[in-house]
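This report refers to the structure that appears directly beneath it.
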C-alpha cells in the first residue's frame with residue numbers, strides 16, 4: 001500500500017512534534033514553585049553549615065593567636081602584649097580590639113574617638129595590643145586577626161592595606177577582643193601562668209556588629225584551649241554604635257569584665 005505524504009499530513013506531523021517538545025504554562029509554574037520550595041527548605045541548612053564552618057575557622061584563628069601569645073610571653077618573662085587603652089587614667093576596655101593606633105599629622109597617637117598619648121615603652125611604635133604579635137613576627141598573617149563570620153566594619157578586605165602601611169591616620173581594629181596585659185579594675189598583671197583560669201580572647205564586643213556570630217562566641221583560654229560559648233544575651237546588651245556617654249561606657253565595661261572574669 002502506497003501512502004501519499006500530502007502537505008496536510010506533514011503539517012499535522014510537525015504540529016504534533018512541536019507540541020510534544022514544549023511545556024505548558026501550568027507545567028512551568030509547577031516546576032518553578034517546586035524549585036522555590038526546595039530552595040526555601042535548603043537555604044537555612046546551607047546557612048547553618050556555612051556558619052558552623054566559620055565557627056571552626058574562627059576558633060582556629062584564636063588558637064593560632066594563642067600559640068603566638070604563648071611564644072611572645074615566653075620570650076618576655078610571662079608578660080602579655082601591652083594594650084595602651086588600659087594604661088590611661090580612665091581605661092577603655094571596649095577598645096581592646098585595637099591592634100594599631102592612628103597617628104595624627106602632629107605626631108600624636110590616638111586609639112579611638114578621643115586622643116590618647118601612647119605610654120612607654122610604645123612611644124616608638126603605633127602597634128598595640130594583639131598588633132605586637134604582628135610587629136614582632138609571631139603571627140605574620142593579617143587574616144588570622146579577623147573572624148570569617150564578621151560582616152560589619154573592620155573586615156580583612158577593608159583593613160588589609162593598613163597592616164602594611166608605614167603609618168595610618170585611623171586606628172586599626174581586629175575582630176577579636178583581647179583581655180589586655182592587666183586587670184583594668186585591680187591593676188594586677190595578667191599572666192599565662194594562670195592557664196585555663198585566664199580568658200585571653202573572645203570575639204568582638206564593642207558593638208552588635210562586632211559580635212560576629214550573634215548567638216555566641218569563641219573563647220581562648222590561657223592554656224591554649226578554645227571553647228564555643230552559647231550566649232544569645234550578650235548581643236542584646238551591646239549597642240549598634242560605640243558608646244559615647246558615661247553610662248554606655250560603664251555598661252560596656254561591665255559586660256566585658258564579666259566575660260573576662262568568668263572562671
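Derivation of every value follows stated rules applied to the coordinates shown; laboratory data play no part. Bear in mind that the values here come from a model prediction, so they are computed numbers and not experimental data. Neighbour counts are summed over all protein chains in view; Cβ atoms, including those assigned to glycine, are modelled from backbone coordinates with ideal geometry.
Structure notes:
- Over the range 40-260, Cα pairs under 8 Å with separation of 6+ residues give a relative contact order of 22 percent.
- Cβ crowding within 10 Å averaged over residues, with 241-248, 25-32, 252-259 ranked highest first: 252-259, 241-248, 25-32
- A crude spin-label estimate for the pair residue 215 and residue 56, with each label 7 Å from Cα along the Cβ direction, gives 1.7 nm.
- The largest-to-smallest principal axis extents of the Cα set in the range 174-215 are 31, 20, 17 Å.
- Maximal additional length on extending the residue 263-residue 239 stretch stands at 6.1 nm, based on 0.36 nm per residue less the C-alpha distance.
- Listing 127, 228 from fewest to most neighbouring C-beta atoms within 10 Å gives 228, 127.
- Cα gyration tensor of the range 125-213 - equivalent ellipsoid semi-axes, whole Å, descending: 23, 17, 12
- Cβ-derived FRET efficiency at R0 22 Å, residue 185 paired with residue 229, nearest 0.05: 0.50
- Additional length obtainable on full extension of the chain from residue 140 to residue 246, 0.36 nm per residue less Cα span: 34.5 nm
- Computed across the range 40-260, the Kirkwood hydrodynamic radius from all distinct Cα-Cα pairs reaches 17.6 Å.
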